[in-house]
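Just below is one structure, and these are the notes that go with it.
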């Protein structure tokens, strides 16, 4: 029996990698090394499960489209924003949940 949702590979943008490093450094400075490692592992686990579960997460309410291609994972204080493309899942950015709507909408322009 074939799955109703096809499995798609995921790819991460350079913006996501840079901002993830900033999140890691901030978490070390604020909460310590152990907590930073745990949080990064939690983020990586969410990204690793995307190829199978990309439709589980809600549409990003700040980037509404007809075909609902922009989605977000709400993870503690951050949003991981990704786009469902034809051949892959594109992880665009990680932003703080209190970021401005303008900053969140700018993720549409990120190319992989």
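Some observations on this one:
- Cβ-Cβ distances below 8 Å connect the following pairs, each with a first residue in region 38-59 that is on the phi < 0 side of the Ramachandran plot and in contact (Cβ under 8 Å) with a residue 24 or more places away in the chain, a second residue that is in a helix (DSSP H, G or I) and surrounded by 14 or more Cβ atoms within 10 Å (Cβ to Cβ), and a separation of six or more residues or different chains: 39/23; 39/24; 39/27; 43/20; 43/23.
- Residue match in region 88-104 (condition: surrounded by 15 or more Cβ atoms within 10 Å (Cβ to Cβ), closer than 20 Å to residue 10 by Cβ, free of Cβ contacts under 8 Å to residues at least 24 places away in the same chain and within 14 Å of the chain's Cα centre (by Cα)): no
- Filtering region 6-47 to residues that are at pLDDT below 95 and out of contact with any helix residue (DSSP H, G or I) (no Cβ under 8 Å at 6 or more places or on another chain) leaves only 6.
- Residues of region 1-56 that are crowded, with 16+ Cβ neighbours inside 10 Å and assigned to a loop (DSSP other than H, G, I, E, B): 8, 13, 54.
- Residue in region 63-79 that is touching a residue at least 60 places away in the same chain (Cβ under 8 Å), closer than 20 Å to residue 21 by Cβ and surrounded by fewer than 17 Cβ atoms within 10 Å (Cβ to Cβ) present: no
- Hey, residue 65 assigned to a loop (DSSP other than H, G, I, E, B) and more than 10 Å from the chain's Cα centre (by Cα) or not: yes
The values are calculated or read from the model by the stated rules, or taken from the named source; none is laboratory data. Model, not experiment: these values are computed from the prediction. All Cβ positions, even for glycine, are placed from backbone atoms using ideal geometry, and neighbour counts span all protein chains on display.
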